[in-house]
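Let me begin by presenting the structure, written as structure tokens, before commenting on it.
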Amino acid sequence: MASRRQVLSGAAAAILTSGWRAYAAGRPYRVGVIGSAWMGRCNLFALMQVAPVEVVAFADVDATALKNLVNATMAFPDSVVKPKKAPATYKDYRQMLAQHHFDIVIVATPDHWHALPALAAMKARAHVYLEKPITVDIAEGKALVTAARKYNRVVQVGTQRRASPPHAEACKLVRSGELGKVGMVELYGLYHQRPAKFSPVVAPPKTLDWDFYCGPAPLVPYRAEINPINWRAFREFGNGYIADLGVHFIDCVRWMLELSWPKTISSDGGVYVDKASIASVVDTQTAVWDYGDTLFTWKGRQWGEIPENEAWGAKLYGEKGTLTLTSSAYEFSSLKGAMRSGDLSEERKKFPNDVKLDRMDRELVPLTRPNMRDFLAAIEQNKRPIADVEEGYISTSTAILANMAMDLKRPLHWDAKAERLIGDDEANKRLIRPYRAPWVHPALAA
């Protein structure tokens, strides 16, 4: 473990074994984080474990979250280069970007705050590690892809599974033909994440700028449970659990099967069980994406039984067997009775100090490290990463299109070349979501 903490010889040795140079421009990467709660922390820790970084600054509208991340960063025991001084903190990400030069910016805000900070970071010449789903509407995603190409920036999306060793092994299995023709894919997310109860509306704490938190989204009345955990229960801030849990495996399976956009999208859902909650996302949803000769289905449920080992994941049904994917593992069973499986155990062995992390961090940080290694390799080699922003755009939009079909109560037909819906003016108007003033949607910016 000591070798990972040494600035020169040990750090360089550890990094070179990962397949990329130790230093870009002969110094640690200068890193900023926008969004300092759980995802920002886990992404930063994973980066600190695999690269020499100088953690320069954090931005968040929640002063308490900022303080917590500063303290956690300074105390983190497993970084390649131990921080020499506490990162600067800002409420406004624009001020942070104006005050410092960054090589890398991590954007880990709630979903409605992904596009604008990511665009600003690219304009400031930083490469971006962007959480999924990358946007709240489809037009934002197109703007992000355009900006990444215009500014020649590497944008890696935090879908994680494309770089994950067990999922990469499963991908080879699929592409080798062992599974045979895959005709159907079942995606599912059955965790109970939609709160049944919220406390009454109160004034936000003085440490939280609630108007800034809502930003381009509608100004939702403040309730204590929304920040930092349960904002996803509100459509004002995101696209529900299909765009959270679903996007991970939409992206993973599209990659395995080398698929792009779906041709036809349909979805049904609503609030069928927990009608008392004020949460504005549905508690039940099914969706079907038709890719021409492969069907993807989604089953999302925020109530009832959670089947063991099938709370969240995907099943690929091939003519020769079935491949089951979970968050950090796979299992293949052939019709001839052969079994094979893989998990993250080897990755976990490399960093035994992970056991000291909080429970959720212990799960997420090892899964994120391979994605960070690929991100850094792409920066070093000036190439697109494995989870490039364009792939994130397609996967995020695939989930958003399902919600649009559910809301409109009809199937939608997608023109992948035009990136518009076919013969449906009403649906096309929903490709862009109105922003609350004074924020301006990037698709409408001059």
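The values are calculated or read from the model by the stated rules, or taken from the named source; none is laboratory data. None of the values given here were measured: they were computed from a predicted structure. Heads up, the Cβs are rebuilt from the backbone with ideal geometry, glycines too, and the neighbour counts pull from every protein chain shown.
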Reported set for the stretch 334-373 where residues are within 19 Å of residue 161 (Cα to Cα), in contact with a strand residue (DSSP E or B) (Cβ under 8 Å, 6 or more places away or on another chain) and surrounded by fewer than 18 Cβ atoms within 10 Å (Cβ to Cβ) is 340, 341, 343
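Can you tell me which residue within the stretch 177-198, out of those that are in a strand (DSSP E or B) and not small (Gly, Ala, Ser), is nearest to residue 63 (Cα to Cα)?
Once the filter is applied, the top-ranked residue is 188.
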Within the stretch 112-121, can one find any residue that is closer than 23 Å to residue 206 by Cβ and in contact with a helix residue (DSSP H, G or I) (Cβ under 6 Å, 6 or more places away or on another chain)? no
Checked against (1) on the phi > 0 side of the Ramachandran plot; (2) surrounded by 15 or more Cβ atoms within 10 Å (Cβ to Cβ); (3) assigned to a loop (DSSP other than H, G, I, E, B), residue 292 satisfies every condition except (2)
Can you report the number of residues in the stretch 377-405 which are touching a strand residue (DSSP E or B) at 6+ places or on another chain (Cβ under 8 Å) and over 17 Å from residue 252 (Cα atoms)? 8
Exactly one of 373, 362 is without any contact (Cβ under 8 Å) to a residue 12 or more places away in the chain, within 20 Å of the chain's Cα centre (by Cα) and either within 25 Å of residue 155 (Cα to Cα) or in the same structural domain as residue 45 (by TED's automatic domain parsing) (or both), and that one is 362
For residue 263, work out the one condition from (1) under 17 Å from residue 397 (Cα atoms); (2) within 21 Å of the chain's Cα centre (by Cα) it doesn't fulfil. (2)
For the stretch 267-285, give me each residue that is of a type in the set (D, E, K, R), within 16 Å of residue 304 (Cα to Cα) and either over 25 Å from the mean Cα position of the chain (by Cα) or not in a loop (DSSP other than H, G, I, E, B) (or both). 274, 275
Unique match (being among the hydroxyl-bearing types (Ser, Thr, Tyr) and not assigned by TED's automatic domain parsing to the domain that holds residue 251) among 368, 398: 368
Could you tell me whether the stretch 242-252 includes any residue that is of a type in the set (A, V, I, L, M), outside any helix (DSSP H, G or I) and not assigned by TED's automatic domain parsing to the domain that holds residue 61? yes
Residues located in the stretch 384-408, provided they are without any contact (Cβ under 8 Å) to a residue 24 or more places away in the chain and not aliphatic (A, V, I, L, M): 407
Those residues that are over 10 Å from residue 62 (Cβ atoms) and either in a loop (DSSP other than H, G, I, E, B) or touching a helix residue (DSSP H, G or I) at 6+ places or on another chain (Cβ under 9 Å) (or both), I need them from the stretch 199-216; list them, please. 199, 200, 201, 202, 203, 206, 214, 215, 216
Residues located in the stretch 342-359, provided they are touching a residue at least 24 places away in the same chain (Cβ under 8 Å) and closer than 25 Å to residue 315 by Cα: 342, 343, 344, 346, 347
From 198, 237, which residue is buried (at least 21 other Cβ atoms within 10 Å of the Cβ) and over 18 Å from residue 314 (Cα atoms)? 237
